[in-house]
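Working notes for the structure below.
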Amino acid sequence: MTLEQHWPQIRNTVNRASHCAIASVNADGTPTVTPIGTVFLHDTATGFYFDQYTEVLGRNVDADARVCLLAVDSRPLFWFRSLLTGRFPSPPGIRLYGTVGPKRAATAEELRRVRDRVRIPVHLKGGRLLWSDFSQVRDLTFTDYRPVRYPHMMSHLWQ
């Protein structure tokens, strides 16, 4: 099946991940991974993330826009139930391959989405320090995917 056919399930997996990681390539060819807590996906194989605290990632994608995003369902109850039953009810993670666009100003809708995500933690001192100054985003366009696989526990999924 194609990326577009699996997109609703891919979005669900990414939405269940509390953080994602974006892999990029440094100027010397070495890989690097950047944790990102503000990835949002659209209804199509696209999305965006807030470009805050991502200096190395920004430099890398400005030189080579290709990336791999990894999202893992990190909910403890999901893992407990899966381990208890010996079966994942949905893929535990997804790798998305694509490109990142240039930095741009966030739209009002994008700012609303990030405010909705951090609405409770932003009231704490650390939350205010981390999440009160978002203004720039980068667009993501995905061209391929690969689910995280644990064959014995998910042979019934994504055949």
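Among the residues of the stretch 1-31, count how many are farther than 25 Å from VAL56 by Cα and among the aliphatic types (A, V, I, L, M). Please lay out each step first, then the result.
Applying the first criterion (farther than 25 Å from VAL56 by Cα) to the stretch 1-31 yields 1-13, 16.
With the extra rule that they be among the aliphatic types (A, V, I, L, M), the set shrinks to 1, 3, 10.
Residues meeting the conditions: 3.
Please indicate, with yes or no, whether at least one residue in the stretch 72-93 is modelled with pLDDT of 95 or more and under 19 Å from ARG146 (Cα atoms). So that I can check it myself, show each step before the final result.
Our first condition is that a residue be modelled with pLDDT of 95 or more; within the stretch 72-93, this holds for none.
No, the stretch 72-93 contains no residue that is modelled with pLDDT of 95 or more and under 19 Å from ARG146 (Cα atoms).
Does THR30 satisfy the criteria of being free of Cβ contacts under 8 Å to residues at least 40 places away in the same chain, surrounded by 14 or more Cβ atoms within 10 Å (Cβ to Cβ), among the β-branched types (Val, Ile, Thr) and out of contact with any Leu (no Cβ under 9 Å at 6 or more places or on another chain)? Break it down stepwise before answering.
Values: free of Cβ contacts under 8 Å to residues at least 40 places away in the same chain: yes; surrounded by 14 or more Cβ atoms within 10 Å (Cβ to Cβ): no; among the β-branched types (Val, Ile, Thr): yes; out of contact with any Leu (no Cβ under 9 Å at 6 or more places or on another chain): yes.
So THR30 does not fit the description; no.
Of all the listed residues (HIS19, HIS6), the sole one being farther than 26 Å from SER135 by Cα and surrounded by 12 or more Cβ atoms within 10 Å (Cβ to Cβ) is HIS6. Residue pairs whose Cβ atoms lie under 6 Å apart, sitting 6 or more positions apart in sequence or on different chains, and linking a residue in the stretch 107-128 that is of a type in the set (D, E, K, R) to a partner that is modelled with pLDDT of 85 or more, are GLU110/VAL137; ARG113/PHE40.
Of all residues in the stretch 85-97, which are open to solvent by 10 Å² or more (accessible area, probe 1.4 Å) and not basic (Lys, Arg)? Break it down into steps so the answer makes sense when it comes.
So in the stretch 85-97, the residues open to solvent by 10 Å² or more (accessible area, probe 1.4 Å) come out as 85-87, 89-90, 95, 97.
Matches in the stretch 85-97: THR85, GLY86, PRO89, SER90, TYR97.
Among the residues of the stretch 42-55, just one is in contact with a helix residue (DSSP H, G or I) (Cβ under 7 Å, 6 or more places away or on another chain) and either small (Gly, Ala, Ser) or free of Cβ contacts under 8 Å to residues at least 40 places away in the same chain (or both), namely ALA45. Scanning the stretch 33-45 for residues that are among the β-branched types (Val, Ile, Thr), surrounded by fewer than 17 Cβ atoms within 10 Å (Cβ to Cβ) and under 12 Å from LEU69 (Cβ atoms) yields one hit, VAL33.
Within the stretch 108-142, being outside any helix (DSSP H, G or I) and either open to solvent by 60 Å² or more (accessible area, probe 1.4 Å) or at pLDDT below 85 (or both) holds for VAL118, ARG119, ILE120, LEU124, SER132, ASP133, PHE134, GLN136, THR141.
Scanning the stretch 54-74 for residues that are under 14 Å from HIS19 (Cα atoms) and loosely packed, with under 14 Cβ neighbours inside 10 Å yields one hit, SER74. Contact map, the stretch 1-15: first residue free of Cβ contacts under 8 Å to residues at least 24 places away in the same chain, second residue open to solvent by 60 Å² or more (accessible area, probe 1.4 Å) and charged (D, E, K, R), Cβ cut-off under 6 Å, separation 6 or more or different chains; the map is empty.
The values are calculated or read from the model by the stated rules, or taken from the named source; none is laboratory data. No experiment lies behind these values; they were computed from the predicted model shown. Cβ sites come from the backbone with ideal geometry, for glycine too, and all protein chains shown count toward neighbours. Protein only, heavy atoms only, side chains kept; ligands, DNA and RNA dropped before computing areas. Shrake-Rupley method; radii C 1.70, N 1.55, O 1.52, S 1.80 Å.
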